[in-house]
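Remarks on the structure that follows.
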Amino acid sequence: MMSNSSSISEFLLLSLADTQQLQLLRFWLFLGIYLAALLGNGLISTAVACNRHLHTPMYFFLLNLALLNLGFISTTLPKAMSPVTGIGRSAEQES
């Protein structure tokens, strides 16, 4: 019996919109969402770190969630916006 030895190291990110106007609309929408998330999570992180009254376990976990969200959104949304800008037409597949 033969085994399949082929492997895929990258995949092509296809555009969700065919026209340039819809791609730009999607880009600006994602940029707005990204900036709003950065601002909101940054404000939460700053408030919890600077205010001594917020140094309780509940706000500690809220700070951790805000920092995790910053990390996740900073890796996901720029990759979703890159096909519009022409940077990186394909993305490496992680195993």
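The values are calculated or read from the model by the stated rules, or taken from the named source; none is laboratory data. These numbers were taken from a predicted model, which means no experiment stands behind them. For neighbour counting, all protein chains shown are included, and Cβ atoms are generated from backbone atoms with ideal geometry for every residue, glycine included.
Summary of values
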quantity: Qualifying position, being at pLDDT below 95, within 18 Å of the chain's Cα centre (by Cα) and either surrounded by fewer than 10 Cβ atoms within 10 Å (Cβ to Cβ) or assigned to a loop (DSSP other than H, G, I, E, B) (or both), among Leu31, Leu16; calculated: Leu16
quantity: Pairs, first under 12 Å from Ile33 (Cα atoms) and touching a residue at least 40 places away in the same chain (Cβ under 8 Å) in the range 66-79, second of a type in the set (Phe, Trp, Tyr) and surrounded by 15 or more Cβ atoms within 10 Å (Cβ to Cβ), C-beta under 6 Å, six or more apart; calculated: Leu77/Phe30; Leu77/Tyr34
